[in-house]
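Encoded as structure tokens, the structure appears first; notes follow it.
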Amino acid sequence: MTELNYFVHPSAIVDEGCEIGEGVKIWHFCHIMPGCKIGEGCNLGQNVVVSTKVILGKNVRVQNNVSIYEGVICEDDVFLGPSMVFTNVINPRSAVSRKHEYMPTYVRRGATIGANATIVCGNEIGEFAFIGAGAVITKPVAPYALVVGNPSKQIGWMSEYGHRLHFNEDGIAACSETGERYRLHQNSVQKIQYPV
């Protein structure tokens, strides 16, 4: 028998046909379905379901009680908070099969989705966006945006280290932890890259 280069708790079920990267940790009562891809270094907390065709990039952190349904793609370094919810059909009915209508949801690099938030399918969460606990996302979220509430609304901007950005009159802000600087221009935030 081949030794795994990732950890699976004895209570978890990993179906054949999954692609699982090195250093992944799959904890209690998880179900990993065939045809999904889980990048190296991911951590899946208790009672997580990863459905067929789901793609998780490297170092994705999935907290307890999260179901990631077909149509969801998470890039590297995404954080999915406890009991947050993805959907994949916009108008589900028990008596109507809509498996051919699954809508894609993209969670871009470095984004955070807080506990108990709901992401309605067909939307894109921009890189390093920060979705507050309990928010209900019904439209795309811009990179670096801080979004809260139901229905959700943007209330500010966040740094790549997860700190609120406060822009001066020139549209420049610095992360309180790293000092990295950001520019706000035409309702869009970009990190300022300095030449080496």
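The values are calculated or read from the model by the stated rules, or taken from the named source; none is laboratory data. These figures come from a predicted structure and were not determined experimentally. Note that each Cβ is placed from the backbone with ideal geometry, even for glycine, and that neighbours are counted across all protein chains shown.
Structure data summary
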quantity: Filtered residue count, segment 1-34, keeping only those that are part of a loop (DSSP other than H, G, I, E, B), hydrophobic (A, V, I, L, M, F, W, C) and touching a Cys at 6+ places or on another chain (Cβ under 9 Å); calculated: 4
quantity: Test: residue in segment 16-31 that is modelled with pLDDT of 95 or more, closer than 15 Å to D76 by Cα and surrounded by fewer than 16 Cβ atoms within 10 Å (Cβ to Cβ); calculated: yes
quantity: Yes/no for K58 being in contact with a Phe, Trp or Tyr (Cβ under 9 Å, 6 or more places away or on another chain) and either of a type outside the set (S, T, N, Q) or at pLDDT below 95 (or both); calculated: no
quantity: Among residues of segment 63-101, those that are in a loop (DSSP other than H, G, I, E, B) and charged (D, E, K, R), counted; calculated: 5
quantity: Tabulated pairs, segment 160-183, first small (G, A, S), second part of a loop (DSSP other than H, G, I, E, B), C-beta under 7 angstrom, 6+ apart or interchain; calculated: A173/L165; A173/H166; A173/F167; A174/E180; S176/H163
quantity: Check on G162, modelled with pLDDT of 95 or more, small (G, A, S) and at positive phi; calculated: yes
quantity: Some residue of segment 86-102 being buried (at least 17 other Cβ atoms within 10 Å of the Cβ) and either acidic (D, E) or at positive phi (or both); calculated: no
quantity: Selected residue (criterion: surrounded by the fewest Cβ atoms within 10 Å (Cβ to Cβ)) from residues of segment 35-62 that are in a strand (DSSP E or B) and among the aliphatic types (A, V, I, L, M); calculated: I55
quantity: Residue count, segment 143-159 (criterion: touching a residue at least 12 places away in the same chain (Cβ under 8 Å), of a type outside the set (V, I, T) and either in a strand (DSSP E or B) or buried (at least 17 other Cβ atoms within 10 Å of the Cβ) (or both)); calculated: 9
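To keep it simple, each residue is scored yes or no on (1) more than 20 Å from E160 (Cβ to Cβ); (2) touching a residue at least 24 places away in the same chain (Cβ under 8 Å).
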residue	(1), (2)
E101	yes, no
R109	no, yes
A115	yes, yes
E127	no, yes
P140	no, no
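A quick yes/no check of all residues on (1) part of a loop (DSSP other than H, G, I, E, B); (2) out of contact with any Cys (no Cβ under 6 Å at 6 or more places or on another chain); (3) charged (D, E, K, R):
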| position | (1), (2), (3) |
| --- | --- |
| K139 | yes, yes, yes |
| Y161 | yes, no, no |
| F167 | yes, yes, no |
| A173 | no, yes, no |
